[in-house]
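The values are calculated or read from the model by the stated rules, or taken from the named source; none is laboratory data. This one's a predicted model, so the numbers in the text were calculated from it and none came from an experiment. As a convention, Cβ positions derive from the backbone with ideal geometry for all residues, glycine included, and neighbour counts pool all protein chains shown. In case anyone asks, the SASA skips ligands and DNA or RNA and just uses the protein heavy atoms, side chains included. Shrake-Rupley method; radii C 1.70, N 1.55, O 1.52, S 1.80 Å.
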Amino acid sequence: MDKLIHGIVEGGAARVYAAVTTETVNEAVRRHGTSPTTSAALGRTITGAALLGASFKDFDRLTVKVECDGPVEGITAEATVEGFVRGYVKNPNAEVPAAANGKFDVRGIVGKGTFYVIRESGFDIGLRPDPYVGSVPIISGEIGEDFAYYLAKSEQIPSAVLLGVLLQNTEPFVTAAGGLMVQMMPGANEHVVTMIEDTVSRAPHLTSLINGGADANDLAKMAVGELDFEILEERAVVFKCNCSLERAKTMIAALGREEVESMLAENNGAVMTCGFCNEIYQLNADALEAILAGDTV
Ligand code: ZN
């Protein structure tokens, strides 16, 4: 089971969020059949959304949207307050050659554009206030640096964000995935800030650590070194979509009577695929008849 932890350094000088997301990212990759570089981009975005979601308390659903002009065309990842995450890319088959250093060219597949963070709350109690939307230009395309830039510019929180996905050619394709987010608090002791920045900048690759058996606690400890660290929260991270056959039926019904009648006449049924998780819902003729007979149309 993937895990995320959240703790404070030196009584609150910095907040550290660390997660191992190997199973979560593997589930996303398996469901969407993404190409290797696209898998890396999607996995980093999903992991970043889980970490960022753990750092905000004022939302039901947090969405990270990467609107970009690179071959992947766009990435969306969502995290709920419970720690469920889901995500997809617009072009799962997009691929680019490896970068000069032999690594996935995530920057190349993302390109330029805008990085959005959308926080919504009030759904459960029917309030549905306007979502809070923050956005910054994509400055890197490597995703981790874009999360850090968003936190600095839009939330005024100086941060370091490391996100990594390690892949292999056979299933399970994702052998290691995880992330680390360090947020400096206002008025943090310069000494503490310097120490964390130094440790993080010299940190070995997260995915090598995870591949070697490191869990979320180990990643956090690696970042804080000798500094005092107190864990405040531990939670599971799971790829979980909120789609269902019932929701698929509601969406079909919302298309209107004429559309449902034509689906029935032309296809004797309907097929709906959830964009977020690629689950396929098949509605047979009886199901469409039931929608037409119901009062939802
Ligand atoms: Zn779904």
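Which whole-number percent is the relative contact order of region 245-292 (Cα, under 8 Å, 6+ apart)?
About 37 percent, as a whole number.
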- Message: Through the Karplus equation 6.51 cos²θ - 1.76 cosθ + 1.60, θ set to phi - 60°, convert the phi angles of region 226-238 into ³J(HN,Hα) values in whole Hz; use x for Gly and Pro.
- Response: 8, 5, 5, 9, 10, 7, 9, 7, 10, 8, 7, 10, 9
- Which whole-number value in Å² is the accessible area per residue of the chain, probe 1.4 Å? 47
- Taking a crude spin-label model, label points 7 Å out from Cα along the C-beta direction, the T114 to E230 distance in nm is 4.1
- Query: What cysteines in the chain have no other cysteine with a beta carbon less than 4.7 Å from their beta carbon?
  - Reply: C68
- If Lys and Arg each add +1 and Asp and Glu each add -1, what is the summed charge of the other residues whose beta carbon sits under 13 Å from the beta carbon of I118? -3
- Task: For the chain, give the percent of accessible area contributed by carbon and sulfur heavy atoms, probe 1.4 Å, rounded to a whole number.
- Result: 50
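Among 266-279, 165-178, what's the highest-first ranking by average C-beta atoms within 10 angstrom per residue?
Values: 266-279: 15.0, 165-178: 19.2.
Final packing ranking: 165-178, 266-279.
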- Relative contact order [Cα under 8 Å, 6+ residues apart], the chain, whole percent: 24
- Student exercise, the chain dipole from Lys, Arg, Asp, Glu Cβ charges, in Debye to nearest 20: 380
